[in-house]
Amino acid sequence: MIFREVEDRDLISKARRGDVEAYNLLVSRWEKRVFNYLLRLVNHREDALDLCQEAFLKAYQNLPKLDDPERFSAWLFRIAHNEAFSLLRRRKPETEYEEPEAKGIGGRMLPIELSLAVESALKVLSDDQREAVLLKVYQGFKFEEMAVILDCPVSTVKSRVYTALDLLKTALAPTVLQK
Amino acid sequence: MNCGLGSSKPDWKAYVLGELDAKARREAEAHAASCVACQDEAGSLRITLDAMATLRDEELPRRIAFVSDKVFEPKWWQMFLKPSFAGAAAIAVAILVHAFVQPGAIRQADPVAQVDAAAIEARVSAEVEKRVQQRLNAAVNAAVDSAVNTAVTKAVADAHKRNQENTAQMLAAAERRYGQSTELMTRQVTQLYAMNTGLGVR
């Protein structure tokens, strides 16, 4: 992991000097994480892909403005966050998120069934709560990094994650207790 | 069952999310060893996170276009929007307009305008001279290229002719040598036949 970070830093400094291939390599490394973050946030594959594309393009255009290359990941997710919420704000009046189906799953759960239950449970959360969980649980960011990405105080980040975790625990309890 | 520590009980969410420092973790674990309520709380949070971990990352349906890909290259019409191109185009248009529209007006203009006209005439003369020079250079280059091409063609033809002559000479010499050696062999065979048959040598 340390080796990877050093390499990222090197690639960033090369990209900032105009080395396009260095940036392409950075894209290859981060595209899957950014795509999955966006996918779970907007719940639409094509939208997630478009947003991902846009985020990487904006990141490239704004790379000279990145003060600290060490914080590239948080900075990149900040851009992705802005793209996603711009879409969510546009989309909000038209579509409401579908409520997860309250279906009782009898017997022993298969991993795929558990995954579906988690997907449904994530949809119970508000956009802010879901994003907080995605960044914390699936992307492994620290609260301080999340505060940078989300541009809000650490206390707000913590509150969103904690509330989301309580809701998820409740939503998943019937499922995981059967397992 | 409630924890005896009340509101000062360990922050189990921070614990399972890896946000506690080493000291706080040790203290929380030490407390949980003797607190069933905290064991339950930490356990249920752990189970929830384990369930969430079953959600796997998806592969991208198609890869993200790289910055160096064609898709990011500007369209032909976008070239016109580039500041450098637009600036150059504007200057070119201004010069053309100036060259075609102004001359008539300059002759009737005030002294200040006449000064400008003189300057423009000087610029136009310089431009004409420059273009004539360019055309002259192009013509000279073309003539030189033509002469060079002719010379090269002739040299190649000469070399080809020389090669053909050399080949013919070598072929003739080889045929001559072949004839001589054939004649010699015939003579030797005849002598041997004569010696063996006693018919004498002619």
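The values are calculated or read from the model by the stated rules, or taken from the named source; none is laboratory data. Because the structure is a prediction, the values reported are computed rather than measured. Don't worry about glycine lacking a Cβ; one is built from the backbone with ideal geometry, like all the others, and counts go over all protein chains shown.
Starting from residues that are buried (at least 21 other Cβ atoms within 10 Å of the Cβ) and of a type outside the set (A, V, I, L, M, F, W, C), keep the ones in segment A:17-39 and report whichever is farthest from the other protein chains (Cβ to nearest Cβ). Only one residue fits best here, namely A:TYR37. Filtering segment A:113-136 to residues that are within 11 Å of another protein chain (Cβ to nearest Cβ) and β-branched (Val, Ile, Thr) leaves A:VAL118, A:VAL133.
What do you reckon, is A:ARG78 under 19 Å from the mean Cα position of the chain (by Cα), surrounded by fewer than 20 Cβ atoms within 10 Å (Cβ to Cβ) and at pLDDT below 90? Answer is no for this residue. Whether any residue in segment A:137-145 is free of Cβ contacts under 8 Å to residues at least 24 places away in the same chain, crowded, with 16+ Cβ neighbours inside 10 Å, part of a loop (DSSP other than H, G, I, E, B) and within 11 Å of chain B (Cβ to nearest Cβ) is what I want to check. The answer is yes, given that some residue of segment A:137-145 is free of Cβ contacts under 8 Å to residues at least 24 places away in the same chain, crowded, with 16+ Cβ neighbours inside 10 Å, part of a loop (DSSP other than H, G, I, E, B) and within 11 Å of chain B (Cβ to nearest Cβ). If only residues of segment A:46-70 that are assigned to a helix (DSSP H, G or I), among the charged types (D, E, K, R) and within 16 Å of A:LYS14 (Cα to Cα) are counted, the one that is nearest to the other protein chains (Cβ to nearest Cβ) is A:LYS65. Out of B:THR197, B:THR167, B:THR190, B:THR150, one residue alone is at pLDDT 70 or above and loosely packed, with under 10 Cβ neighbours inside 10 Å. It is B:THR197. Taking the criterion of being surrounded by 14 or more Cβ atoms within 10 Å (Cβ to Cβ), farther than 27 Å from A:VAL118 by Cα and more than 10 Å from chain A (Cβ to nearest Cβ), the residues of segment B:30-70 that qualify are B:HIS31, B:ALA32, B:CYS35. Flag set for A:ASN43, criterion: of a type in the set (S, T, N, Q), within 14 Å of another protein chain (Cβ to nearest Cβ) and under 16 Å from the mean Cα position of the chain (by Cα).
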